1. Of everything in the range 86-112 that's in a loop (DSSP other than H, G, I, E, B) and more than 18 Å from ALA174 (Cβ to Cβ), which residue is nearest to the ligand (Cβ to nearest atom)?
2. Identify, from the list GLY120, GLY31, the residue that is modelled with pLDDT under 95 and under 27 Å from THR305 (Cβ atoms).
3. Would you please name the residue that is farthest from the ligand (Cβ to nearest atom), looking only at residues in the range 288-331 that are over 17 Å from PRO163 (Cβ atoms) and of a type in the set (D, E, K, R)?
4. Being of a type in the set (A, V, I, L, M) and more than 17 Å from GLY70 (Cα to Cα) is the filter; apply it to the range 32-50 and report the residue that is farthest from the ligand (Cβ to nearest atom).
5. Of all residues in the range 67-95, which are hydroxyl-bearing (Ser, Thr, Tyr) and either touching a Lys or Arg at 6+ places or on another chain (Cβ under 9 Å) or farther than 19 Å from THR140 by Cβ (or both)?
6. Looking only at the range 67-83, which residues are hydrophobic (A, V, I, L, M, F, W, C), touching a Leu at 6+ places or on another chain (Cβ under 9 Å) and surrounded by fewer than 17 Cβ atoms within 10 Å (Cβ to Cβ)?
7. Scan the range 1-31 for residues that are away from the ligand (no atom under 16 Å from the Cβ) and either buried (at least 24 other Cβ atoms within 10 Å of the Cβ) or not small (Gly, Ala, Ser) (or both) and report the count.
8. Looking at (1) closer than 22 Å to ALA302 by Cα; (2) buried (at least 23 other Cβ atoms within 10 Å of the Cβ); (3) among the small types (Gly, Ala, Ser), which one does ALA194 not meet, given that it meets all the others?
Amino acid sequence: MHKIVVRGGRRLVGEVRVGGSKNAALPILFGGIVTGDVCVFTELPRVSDVLRALEILRCLGARICFLSGGAVRVDYSTVRSACPPAYLCSGIRGSTYLLGAMLTRFGRAVLPGAGGCDLGERPIDQHLLGFAGLGATARTVGESVTVEASLPLVGCEIALAMPSVGATANLMIAAAAAHGKTVIRNAAAEPHVAALADFLCAAGAQIEGVGTSCITVTGVPALHGVHHRIIPDMIEAGTYLCLGAACGGPVRVCAVCPEHLAALCDLLLQMGVRIEQGKDYVTASAPDGYCCANATTGPYPAFPTDLHPQLTALFAVADRNGEGSVTETVFSSRFRYAEELRRMGADVSVKGNTVKVTPKKLRAATLRAPDLRGGAALLIAALATNGKSEITNAAQIARGYEHLEQKLRGIGADVCIY
Ligand code: EPZ
């Protein structure tokens, strides 16, 4: 996927079946290395970041099999201690999980470099601090990081400087087979962190406190293979709910966990969007329009940073007066999408870590996706705006949105993906 052509301005109505969570799949796929066994995954999203993770595992010796019915079988027993290809690792942030997994399996892990969206500074100092606490030494040369330790790792107390999703996940993976107890304070509580813990526990790990800010891992001598279903992608679901509000709706997202979407739904209700929810679905519609609001992103269960750009786009195309704002507290610069919205005539200004938006009628334009969620925001704005827009660099959007053309057409969007 490199370009999306959108003929916007249509009312979108229908159902979207949400896929598995990219941000749960990545730590779980790499965490599976610790089992040294065979795992079978269902609901694994075929988004490019996940396919890239599978390719990294294959390069490390894992045997990958795409089973009929959509499940994926990974035999981790043949993974060997090696340096994964830099060109693959540098494309995704999730490759950082190789550090925790390879360290605890082999006593040595080399990460030639990690990628992911350009959201400002994205250091891994908290990951390395945690590995040091577990008895490892870290060496950084340019982009490449090597961590080594004699096995087994030794459990310890770690206090994270911020509730880092990546560090919490990486350290849970590393501590699962350590000797003794590891306590991770100021841990992240995102649903995809809990999903990783569920996977590790099903494989024999002993993890308590998941979903709180204090997670305790009691190391076990060995883990074993499991069958695991990836949880629904709350960010994909939230993106389609924003789209349903922006383009009238009703748009129903199915096969979701509504509780994961509570912060977004509360905000949409404040804006005058109609929300209806059931056991595994949420519906959004705004037949009479909606107004803007003020949101601040934060660690779960606060409003998720990964829905910040989409919310700004929703504000920009609102049909009622009144300024909206999004204050970003997680990443230092997640605002590159704002420049692209301004190409559509949007009244969007960034000051410090807050973006302010005054709704107005936008014009179709040629846009460039700056990153994954910024690209999703441009898609929302283009679908809500009359005329033909084009979004280039669309491969960014393919990293996290599975079957995009089929799902959009399924709710009546006029899109062509090239
Ligand atoms: C994960 O990134 C997600 N990526 C991001 O989703 C998501 O935005 C983020 O968590 C927050 O929820 C994946 O899961 C692959 P963090 P991660 O560690 O792990 C700072 C998407 O669109 N920090 O929670 O990198 C860091 O710089 C992507 O799907 C340190 O300073 O996020 C950031 O400012 C984008 N030192 C903040 O903490 C560290 O050692 C949060 O980072 C680690 C993090």
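1. Of the residues in the range 86-112, the ones in a loop (DSSP other than H, G, I, E, B) are 90-92, 107, 112.
Those still in the list that are more than 18 Å from ALA174 (Cβ to Cβ) too: 90-92, 112.
Values: SER90: 14, GLY91: 11, ILE92: 7, PRO112: 17 Å.
Across the range 86-112, the extreme among qualifying residues is ILE92.
2. GLY120
3. Among those residues, the one meeting the criterion is ASP288.
4. Result: VAL34.
5. The first filter runs over the range 67-95 and keeps only residues hydroxyl-bearing (Ser, Thr, Tyr), leaving 68, 76-78, 81, 87, 90, 95.
The answer is SER68, TYR76, SER77, THR78, SER81, TYR87, SER95.
6. Within the range 67-83, the first condition is being hydrophobic (A, V, I, L, M, F, W, C), and the residues that meet it are 67, 71-72, 74, 79, 82-83.
Still in the running and touching a Leu at 6+ places or on another chain (Cβ under 9 Å): 71-72, 74, 79, 82-83.
Selection gives ALA71, ALA82.
7. Of the range 1-31, the ones away from the ligand (no atom under 16 Å from the Cβ) are 1-17.
Next, from what is left, pick out any that are either buried (at least 24 other Cβ atoms within 10 Å of the Cβ) or not small (Gly, Ala, Ser) (or both): 1-8, 10-13, 15-17.
Adding up the residues that qualify gives 15.
8. The failed condition is (2).
The values are calculated or read from the model by the stated rules, or taken from the named source; none is laboratory data. None of these values were measured; they are calculated from a predicted model. Because the Cβ atoms are built from the backbone with ideal geometry, glycine has one as well, and the counts that use them run over all protein chains shown.
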